[in-house]
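Rule-based calculations on the coordinates, nothing more; no lab input. Please read these numbers as outputs of a predicted model, since none were measured by experiment. For neighbour counting, all protein chains shown are included, and Cβ atoms are generated from backbone atoms with ideal geometry for every residue, glycine included.
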Amino acid sequence: MSKKVLVATVKPFDKAAVKKIEKIISEQGHESILLEKYEHLSELLKAVEDVDALIVRSDEIGAEVLDAAKNLEIVVRAGAGYDNIDLKSATEHGVIVMNTPGQNSNAVAELALGMMVYIARNCFNGKSGAELKGKKLGMHAYGNVGKCVAKIARGYGMELFAFDPYIDREVIEKDGIKCVESVEELYSTCQYISLHIPVNDKTRKSINYKLLSKMPVGATLVNTARKEIICEGSLMKIFEERDDFKYVSDVAPDCKDKIEASYKERYFFTPKKMGAQTAEANINAGVAAITQIVNFFKDGDTTFKVN
Ligand code: 3PG
């Protein structure tokens, strides 16, 4: 039976990705609807009214959207983090939620390393900077992005460490990475910490003074995860106390203006969330999302269901 699939993205996919998604939808006999760069929730509420499936990125999908989407059976977040979707409400509405883990990881990892080089070279201000070679890099969580960061960082000659209580030590060590015993040990060992934890009730504001103050001289915090995991009060305190501390982040913290005013060349923030913003990542995540939807309608396949 033909289904209506809405691709709703405030931050659009690359055109090539949209083409591929639409091609798969029409080849499977379904109908595609595209809503890009919408500015008001009302546009989304109207667009979801009669659709059976929905593909989104960081778009907020809460109870109001789920109420409006009377026929909705499945939402796929084309990406890894699904903190933008109200899972409880989706379950109450009988809607399946999936993500597409791993599909945009390389893009995010490349940005992490790019920001590290940029900040290590003093934002290319002409003054003598530092190399990444020989520095200790700690992956705070060793999922898909953490793994990609480690792989690229190895090419730079960095010494690699990881902490992830959800992944077997053997898996981490098999990749030639030192698995530390605790999160405190990770922060006290590594000059560079790359954050790869999701945001949830446990992790919100969890990167705090206690952890940051443990970092050795030459500390750089690299955040391609979510800004909400940082305790911004602690971040300001560390910036004030230590002139060696640097912070690079894919999207700015709420305290951006204060940092920019006082700590020149010790920070870099992308103006918009840019980690997954490559044609390759858009194609990978977008095609995975529509393939999962097609398989769900065809065979009831619920691999990657998160609710
Ligand atoms: C993710 O969780 O997959 C990344 O943060 C990318 O998010 P985006 O699709 O909104 O760029």
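Things to note:
- Shown here for segment 201-307: chymotrypsin sites (Phe, Trp or Tyr not before Pro) in loop regions (DSSP other than H, G, I, E, B) with at most 16 other Cβ atoms within 10 Å, namely Tyr263.
- Rounded to the nearest 500, the helix-only mean residue ellipticity at 222 nm of the chain stands at -11000 deg cm²/dmol, with each DSSP H run of n ≥ 4 adding -39,500 (n - 2.57).
- Working note: Debye formula, equal point scatterers on the alpha-carbon atoms of the chain, no solvent; log10 I(q)/I(0) at q = 0.09, 0.13, 0.14 Å⁻¹ is -0.49, -0.94, -1.05.
- Within the listed set Ser42, Ser58, Ser234, the Gaussian network model of the chain (springs between alpha-carbon atoms below 10 Å) gives the highest mean-square fluctuation for Ser42.
- A DSSP coil position with no more than 16 other Cβ atoms inside 10 Å describes the following GluC sites (Glu not before Pro) in segment 26-90: Glu39, Glu49, Glu60.
- Here Ile24, Ile172 are placed in order of increasing Cβ neighbour count within 10 Å, fewest first, which gives Ile24, Ile172.
- Separation between Cα centres of segment 235-290 and segment 174-228, rounded to whole Å: 15 Å
- Taking 18 Å as the straight-line reach from the Cα of Lys46, the lysines in range (excluding those fewer than 8 positions away in the same chain) are Lys3, Lys4, Lys37, Lys70.
- The GluC sites (Glu not before Pro) of segment 182-288 meeting both criteria, a DSSP state outside H, G, I, E and B (loop) and at most 16 other C-beta atoms within 10 angstrom of the site's C-beta, are Glu265.
- For segment 1-65 and segment 81-124, distance of Cα centres in Å: 19 Å
- Put in line by how crowded their Cβ is, counting other Cβ atoms within 10 Å and starting with the fewest, Lys174, Lys20 read Lys174, Lys20.
- Averaging the sequence gap over all C-alpha pairs within less than 8 Å and six or more residues apart, then dividing by the number of residues, gives the chain a relative contact order of 20 percent.
- Over segment 105-269, relative contact order from alpha-carbon pairs under 8 Å, at least 6 apart, %: 21 percent
- Between 0 and 90 degrees, the angle of helix 105-120 with respect to the longest Cα principal axis of the chain falls at about 30 degrees.
- Rounded to the nearest 20 debye, the dipole size of the chain about its Cα centre is 960 debye, using +1 on the Cβ of Lys and Arg and -1 on the Cβ of Asp and Glu.
- Residues Asp201, Asp164 arranged by fewest to most Cβ contacts within 10 Å: Asp201, Asp164
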